[in-house]
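Right, one structure below, let's go through it.
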Amino acid sequence: EAGVVQSPRYKIIEKKQPVAFWCNPISGHNTLYWYLQNLGQGPELLIRYENEEAVDDSQLPKDRFSAERLKGVDSTLKIQPAELGDSAVYLCASSPAASASTDTQYFGPGTRLTVL
Amino acid sequence: KQEVTQIPAALSVPEGENLVLNCSFTDSAIYNLQWFRQDPGKGLTSLLLIQSSQREQTSGRLNASLDKSSGRSTLYIAASQPGDSATYLCVAGGQNFVFGPGTRLSVLP
């Protein structure tokens, strides 16, 4: 079974440029998460989808970040414009159940973003 | 707001030692507590998941315990091996998943 796929693995951009990250969850997983991980810290949730609905986006900086999950499968996270402080690893995860309280999450390898 | 801390931040031990990693959380209203492993440049791998009604879970050389009333969980690794070297993160699963900062473990051959 294929795991969570993310692309690109690495991205280097200049500040004020836009950037997009793509995630393909494990087949059949209804719940999808985007996390941000800074160096030496644990991941922080940005947004959680159940199917195509964003059920928790309270931590997403909506002035510059946006996300979508068309047809409840793949998801894209966008930053426009990027700032120096956005440099981090962006992780995507998925889990099987619509209720995330009982299932573990399966993580992709992440996209390492560097903003110059 | 849930806050999760982990002690120690880093740990270096010789191969074969038994060790304990600690995790504390401030809000006991959790559904579960999970332990993940993260290798450099890679995503996270789930090790153990303890439901709120459980006290512990075991997998091979790993044993995790949960004490909701005191807001603590421990991960016990028996007979450590160099391949155990990684960062270990605990996650409090409630309304959201809140990660601790991790413990960076190095097991020396």
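The values are calculated or read from the model by the stated rules, or taken from the named source; none is laboratory data. Nothing here was measured: the structure is a model prediction, and the numbers come from that model. Note that we place each Cβ from the backbone using ideal geometry, even for glycine, and neighbour counts take in every protein chain shown. Ligands, DNA and RNA are stripped out before the accessible areas are found, and what is left, the full protein with its side chains, is counted by its heavy atoms. Shrake-Rupley method; radii C 1.70, N 1.55, O 1.52, S 1.80 Å.
Please list, in order along region A:18-30, the HN-Hα scalar couplings obtained from phi with the Karplus expression 6.51 cos²θ - 1.76 cosθ + 1.60 (θ = phi - 60°), rounded to whole Hz, x for Gly and Pro.
So the J values, rounded to whole Hz, are x, 8, 9, 10, 10, 9, 10, x, 5, 4, x, 7, 7.
Want the number for A:A97 to A:R112: 0.36 nm per residue separation, take away the alpha-carbon distance, what's left?
Details: separation 15, 0.36 × 15 = 5.40 nm, distance 2.77 nm.
Contour length minus Cα-Cα distance gives 2.6 nm.
Which whole-Hz ³J(HN,Hα) couplings does region A:81-89 yield from phi under the Karplus relation 6.51 cos²θ - 1.76 cosθ + 1.60, θ = phi - 60°, glycine and proline marked x?
Going residue by residue, I get x, 6, 10, 3, x, 7, 4, 4, 9 Hz, with x marking Gly and Pro.
Given Cα pairs under 8 Å that are at least 6 residues apart, what percent is the relative contact order of chain B? Spell out each step's value before the answer.
Numbers: 278 pairs, mean separation 40.9, N = 109.
About 38 percent, as a whole number.
Report the net charge of residues surrounding B:D39, where surrounding means a beta-carbon distance below 15 angstrom and charges are Lys +1, Arg +1, Asp -1, Glu -1. Don't jump to the answer; show the numbers that get you there.
Details: positive: A:R9, A:R112, B:R37, B:K42, B:R104; negative: B:D84.
Local charge sum for B:D39: +4.
What's the center-to-center distance, using Cα atoms, between region B:1-68 and region A:3-29 in Å?
First find each Cα centre; the distance between them is then 28 Å.
Among B:P14, B:P40, B:P82, which one moves the most in a GNM of chain B with springs linking Cα atoms closer than 10 Å?
B:P40
Tabulate in residue order the Karplus-calculated ³J(HN,Hα) for region A:67-79, using 6.51 cos²θ - 1.76 cosθ + 1.60 with θ = phi - 60°, rounded to whole Hz; enter x for Gly and Pro.
Per residue, the Karplus-derived 3J(HN,Hα) values read 8, 8, 9, 6, 6, x, 10, 5, 9, 10, 10, 10, 10 Hz.
Let me know the mean shielding of B:37-45 by other chains, meaning the per-residue number of their Cβ atoms within 10 Å of its Cβ.
Details: counts 0, 6, 1, 0, 6, 4, 15, 13, 3.
Partner-chain Cβ atoms within 10 Å, mean over residues of B:37-45: 5.
With a 10 Å cut-off between alpha carbons and a GNM built on chain B, which of B:S85, B:S24, B:S59 moves the most?
B:S59
Hey, can you grab everything whose amide H is under 5 Å from the amide H of B:D27? Only 5+ residues off in sequence or another chain; H modelled, so Pro and N-termini drop out.
For B:D27, whose amide H was placed from the backbone, the distant partners under 5 Å are B:E3.
Mind telling me which of A:L84, A:L70, A:L39 comes out most flexible in a GNM of chain A, alpha-carbon contacts under 10 Å?
Of the options given, A:L39 has the highest mean-square fluctuation.
How high is the FRET efficiency from B:R55 to A:V73, r the C-beta distance, R0 41 Å, rounded to 0.05?
Numbers: r = 38 Å, r/R0 = 0.92.
The value I calculate is 0.60.
If contacts are Cα pairs under 8 angstrom and at least 6 residues apart, what is the relative contact order of chain A in percent? Present the calculation step by step, with values, prior to reporting the outcome.
Details: 291 pairs, mean separation 42.9, N = 116.
Taking the mean separation of contacting Cα pairs over the length of chain A, I get 37 percent.
Compute, for A:K11, the solvent-accessible surface of its heavy atoms (probe 1.4 Å) with the complete set of protein chains present, and express it in square angstrom to the nearest 10.
80 Å²
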